[in-house]
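Written below as structure tokens is the structure these notes are about.
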Amino acid sequence: MNGDFNYEEILMVKTAWYYYIENYTQQKISELLGISRIRVIRLLEKARQNGIVSFRIRQDNNRRMQVEKSLITQFGLNDAFVIPVGSDASELNESLAQAAAMYIADRLSDNTFINMGYGDTPSRILNHLARSTEHPINAVSLTGGVSYYLPNTQSSVFNARLHLIPSPLLLGSPELVQVMFQEESVQRIQQMSRMAKMTVVGIGSMGANATIIQNGILTKADFLLLEMQGAVGDILSHFIDKDGNPIQSSVEQRLLSTPLQELRQMNNVIGVAGGEDKIDAIHAVLKGQYLDTLITDEVTAEALLAHG
């Protein structure tokens, strides 16, 4: 198993917690986790065999379950999935991407359509899914900027059909954005996105290593100006303030991306992000109520709960 977490074990712990501690029925757990009742039964049996369930759930897993429950309660989420932090912080994005891909794969059915956001983490998630899924997935882009939706160098197998907006992420003028949104091909992609089963987005920070700076779309000077206007991070490349409201800027006017009010109405919006530099941004996204599910690491989760 790659990474510093074991997805199967964490899913076993979740199932055992709900069954033995919360006294949920197997059917309720099935509905809550989005997996079949047969899988719930097998996970409970495996948890007993592996010693995860004895007289109590192991302390480290018990703490993560409590943190997940607190995130759900405090931020009005449907679900939260918290992974342990490994020794190498530089690999956090990759660990989160693997965890998200496994979480999503467990909820896939034949011919599933998934909306994908822009950025490094969503790109990693898409590539993990496309390498591991049994059935082809249909990935629908929520923004312009085609390159982040394409197979990466590790993807010798890419079992996905891509439905992409044929446009750069940032256009030359607000008028060009309006023209592109009127294009039949773009409208078709938007219609598909509204019917997708789930939506996966990353969350960007205002740090110098932000994807949108690293790829040269914006400069550090652009970021400084956005920060002066109150930006704490971005979602779908829409920069937002500490309360989750979009920053009205020249960048926002030239951005080809699904509007945030539409994101709020989409099915099963899963946000995947972690790390100290993203705490303010993740908190703002949660406060703006853009997510149904958060996948993050335990250190970030603790910081979000302390943030208030």
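The values are calculated or read from the model by the stated rules, or taken from the named source; none is laboratory data. None of these values were measured; they are calculated from a predicted model. Don't worry about glycine lacking a Cβ; one is built from the backbone with ideal geometry, like all the others, and counts go over all protein chains shown.
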| task | Only one of these is under 13 Å from the mean Cα position of the chain (by Cα) and under 21 Å from residue 95 (Cα atoms): 272, 299. Name it. | result | 272
| field | Condition check for residue 302: in contact with a helix residue (DSSP H, G or I) (Cβ under 7 Å, 6 or more places away or on another chain), acidic (Asp, Glu) and more than 20 Å from residue 237 (Cβ to Cβ) | value | yes
| Which condition number does residue 28 fail, the rest of (1) assigned to a loop (DSSP other than H, G, I, E, B); (2) modelled with pLDDT of 90 or more being met? | (1)
| field | Which listed residue is touching a Pro at 6+ places or on another chain (Cβ under 8 Å) and of a type in the set (Asp, Glu), from 252, 227 | value | 252
| Out of the residues in region 179-190 that are among the polar types (S, T, N, Q) and farther than 13 Å from residue 142 by Cβ, which is surrounded by the fewest Cβ atoms within 10 Å (Cβ to Cβ)? | 182
| said: Tell me the residue from 176, 169, 236, 263 that is surrounded by 19 or more Cβ atoms within 10 Å (Cβ to Cβ), farther than 30 Å from residue 110 by Cβ and touching a residue at least 24 places away in the same chain (Cβ under 8 Å), please. | reply: 169
| said: Quick test for you: out of 260, 286, 291, pick the one residue that is among the aliphatic types (A, V, I, L, M) and in contact with a Pro (Cβ under 8 Å, 6 or more places away or on another chain). | reply: 260
